[in-house]
Amino acid sequence: MSTRSLDPVFDALGYRFRKPDLLTEALTHPSHEGQGSYERLEFLGDRVLGLIVAERLYEMFPDAEEGRMAPLLNLLVRRETLAKVAKTIGLPEFLILAPGEASTGGRTKPAILADTCEAIMAAIYIDGGLEAAKAFVNRFWTKYFETLPDEATDPKTGLQQFLQARGEALPVYTEVERIGPPHDPTFTIEVRSESGATATGKGSSKRVGERNAAHSLLVRLKKRGASVND
């Protein structure tokens, strides 16, 4: 693809490459012979995207434990989300595919769209640095950050709704331990449902401990097949 023919892609991405060959590589499927494909860029893009999303979650939820942020990270970088972003950008029409792949619906395959999106991320990172890659994420991922599931961003609310939907009373939180110096305490909080299901959580405050306990109990109850009975 010539630099001029890439202008519509630059416009769609909101980024103009200094090295257009990087973009061409990111758009090229392995089935297309005669030039490099996006596979190496995809490998790097997966890591760059993970770093940027993890950093943003870290800033959004300063009191959250790792166990609470990990599911959110997975939600934001999973194949389905990447494929949706690719469609929003309009990448399907710009993909460089072998005729056979194109004829079998390659432009609509979620795996190909997700891989291409990761490759684009890496290409932008190589061409413009981390800030350019962050700007790309901010442009196309913001709505996904803003619509994270309530039970993921607020586990106490999620647990409450889960129990009430099954006719149970509100869960009860109890402080079971406090250790450490007054300026840097660690609280252990137990949460108990009306049916007797329990879980504990730790945190630098009672509030954080309660949220982590609620998250643990909600995960446990859902794993038991949406039953609150031990």
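List, please: which pairs have Cβ atoms under 6 Å, are six or more places apart or on different chains, and start with a residue in the stretch 111-127 that is of a type in the set (Phe, Trp, Tyr) and end with one that is part of a helix (DSSP H, G or I) and surrounded by fewer than 24 Cβ atoms within 10 Å (Cβ to Cβ)?
Within 6 Å, the pairs are TYR125/VAL48.
Which one of these is closer than 23 Å to MET60 by Cα, crowded, with 19+ Cβ neighbours inside 10 Å and among the charged types (D, E, K, R): LYS143, LYS156? Break it down into steps so the answer makes sense when it comes.
On the way: LYS143 fails: crowded, with 19+ Cβ neighbours inside 10 Å.
Criteria check complete, one pass: LYS156.
Which members of the stretch 54-79 meet the condition of being touching a residue at least 60 places away in the same chain (Cβ under 8 Å), out of contact with any strand residue (DSSP E or B) (no Cβ under 9 Å at 6 or more places or on another chain) and among the charged types (D, E, K, R)?
Within the stretch 54-79, ARG56, ARG68 qualify.
Please verify whether ALA102 is farther than 30 Å from VAL208 by Cα, touching an Asp or Glu at 6+ places or on another chain (Cβ under 9 Å) and either among the β-branched types (Val, Ile, Thr) or assigned to a helix (DSSP H, G or I) (or both), treating the condition exactly as stated.
no
Computed from the coordinates by the stated procedures, all read-outs in this text should not be read as laboratory data. Since the structure is predicted, the reported quantities are computational estimates derived from the model, not experimental observations. When we count neighbours, we look across all protein chains shown, and the Cβ atoms used for this are built from the backbone with ideal geometry, even at glycine.
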